[in-house]
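First comes the structure, then the notes that go with it.
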Amino acid sequence: MGLIKTLRETEPFNQLPEEIFTELNQSAETRTFPAQTHIFHQHSEPTGFLYIIKSGLVEIIVQTPGGVEMIVDYRKEGAFFGGTPIFTTEGYSAGARAAKESVCYLIPEPLLSKITENYPHITDFFNKAIYSRVRNLYSDMVSDHAQNTLAQMEAYPFKKRLSEIMSTKVETCTADTPVRDIARKMIQRGISAMLVCEENNRLAGIVTEHDLVAKVLARESSDCQTARAGAVMTPNPYTMAPETFMYEATTFMMGHKIKHMPILDREEIVGIVSLQDLMKFRSQKSMLLIGNVSKARTVEDLIFAHEEIVKVARALLSENRSHIETMEIISYIHHRIIQRCHDIVLDEMKRHGKVQPDIRFCFIIMGSGGRKEMLLGPDQDNGFIYEDFPDEKIEEVDAFFVPFAEKLVAALARIGYPRCDGNVMVNNPLWRGRLKDWQARVCDWIRVPEAQKVRYSSIFLDFMPIVGDASLCQDLREIVFTEIRNHPIFLYHMMELDFKHKVPLSLIGRFSLEKDKKHKGKLSIKQAGSIFIVDCVRMFLLEKQVEAITTTERIDQLVKLKVFNLETADHIKAAFEAFTFLRLRNEIAMTEQGQFPTHYLDPYALTKNEQDLLKEAFRVASKLQDSTKRHFSKIVG
């Protein structure tokens, strides 16, 4: 393709007159860059040229302060690069490298500067911050999907935080305040609770209408004239932070039979909410679901609750907000159901005369559940961690926990959580044991990283406590960090296994579909897309020995650690949100059609814009894969 033809078809040059094209063509140089040649580096002195690709493929590379090389874009025939120092006051924001032999036209800066004096739209074009096509596509898609006001109101309470509804004018008193004064002020202010503070304004307790009735009026021995706040208050009450979601507060307060909750920000009183306040915003279909889970007495009750999750998901999806947040809320509900199932099965064991051993243990959840990234059809990935009890106690522990594990897995399957195809479940001896048993397994997986062991690790490494002693979970995490620190080559093997799979896009940008009978004509948004982002981000986090639960939290941590820059992080987050949005919408549709929700869909059933969004998300995942491979290959280099 000739330079003049390229410029005529390329914004912003396509608006220039013919004589300018001729001048550009006469002044331009042509250079060939062999494959893997650096055309310029991120912080190189400007070369003084704008590069336009005649043929080949050029990688745009960012080198982060943490030393991680990230490929953030590929430029093909007709695309340009290297314009930042020409059209702005900044140097190169990224480097450029020929991915294969590439021929470029080089247009000199003095000529471009002369042209832009008469055609300022060229400078305006290059000054625009067009960071991420996938972000723009995703934003458009979410806006298009926003549904009617009724549906949005259904989801409203889930998205609202306590800071948005709490009363900020909080009435307080001291421990010496007479209860008569408290009662009088409650009537005057129309409130039903007052916070008791110490001299430094730190919260000491709470006095409610119930306290006044139960501890003063209903007791014959109590003297209304002399009783003080300190004698009737509930000391050290439960508190929450202002950023807490309403659904969390409602669930907690209903579960603990609390009607008033002080809101503290770094120990400073900033507000108070009542259960009545929360109920004003409650939706009949959504907010009651979590309360119903807490009240469930049988597995059948939980089956019904599990079936209701799709209604919450549909309502949440209607909001023009982050679908990562939606996924976290859905995960919260799943966690509550799994916790309640554990408790119901445990109670059943005890009712049948089984004696629970006197040991500390923790029921853990792994995989997507451990990252709070569950959607509508998660399977089971769970295990037991025990404290390091002596060998002579093994028979006693197994006598209780082996049948407990079998019953728990069976109950979860009845509720709607399929058994894991890889048998990563608590009824498998490989996924339960003492802390030292887990340590031996982890050491074996990391020191002898065979393919199956690495696959186990990719599920296990996202573990988190769901019921029991969370300190055992933390102890195990320290073991993992120590082993990886001592054997960093394990991360290379994780990367190597992950890179046996590629995103389902051909070189010409068509989707590569499954050919097997079960999923023929479809592709997996999870296994061929979002999982690459999850795995790559996890590898970087493990290398840095930092804890974070969700993938987006991990990306934020990597920005703080200067592993990713903000632009790269935004690309990755936008792609991850796009995968989540398309997958969740597909799962909702499948569930409502009576099918079990999966992460497979037919991409050609999507609209053109949705197909473009999916392709861009796949490209971001592929670029992250390439960057991760380059980084961790250095371990064995």
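Please go through the range 11-39 and pick out each residue that is assigned to a loop (DSSP other than H, G, I, E, B) and either within 19 Å of residue 102 (Cα to Cα) or more than 47 Å from the chain's Cα centre (by Cα) (or both). 17, 28, 34, 35, 36, 37, listed by residue number. Only one entry in 605, 621, 578 is over 18 Å from the mean Cα position of the chain (by Cα) and among the small types (Gly, Ala, Ser), namely 605.
Of all the residues in the range 343-365, those that are among the small types (Gly, Ala, Ser) and in contact (Cβ under 8 Å) with a residue 24 or more places away in the chain number 0. Among the candidates 440, 528, 451, the residue that is touching a residue at least 60 places away in the same chain (Cβ under 8 Å) and not hydroxyl-bearing (Ser, Thr, Tyr) is uniquely 528.
Residues are listed down the side, and each one gets a yes or a no for (1) over 28 Å from the mean Cα position of the chain (by Cα); (2) among the basic types (Lys, Arg); (3) part of a helix (DSSP H, G or I); (4) within 26 Å of residue 249 (Cα to Cα):
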site: 329; (1), (2), (3), (4): no, no, yes, yes
site: 353; (1), (2), (3), (4): yes, no, no, no
site: 359; (1), (2), (3), (4): yes, no, no, no
site: 368; (1), (2), (3), (4): no, no, yes, yes
site: 375; (1), (2), (3), (4): no, no, no, yes
site: 389; (1), (2), (3), (4): yes, no, no, no
site: 394; (1), (2), (3), (4): yes, no, yes, no
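Per the conditions (1) in contact (Cβ under 8 Å) with a residue 12 or more places away in the chain; (2) closer than 18 Å to residue 455 by Cβ, the sole criterion not satisfied by residue 504 is (2). Residue 565 meets each of the listed conditions (1) out of contact with any Ser or Thr (no Cβ under 8 Å at 6 or more places or on another chain); (2) within 27 Å of residue 461 (Cβ to Cβ) apart from (1).
Bear in mind these aren't lab numbers, they're just calculated from the coordinates by the rules spelled out. Since the model is a prediction, treat every value here as computed from it, not as a measurement. Reconstructed Cβ throughout: ideal geometry from the backbone, glycine too, with neighbour counts over all protein chains shown.
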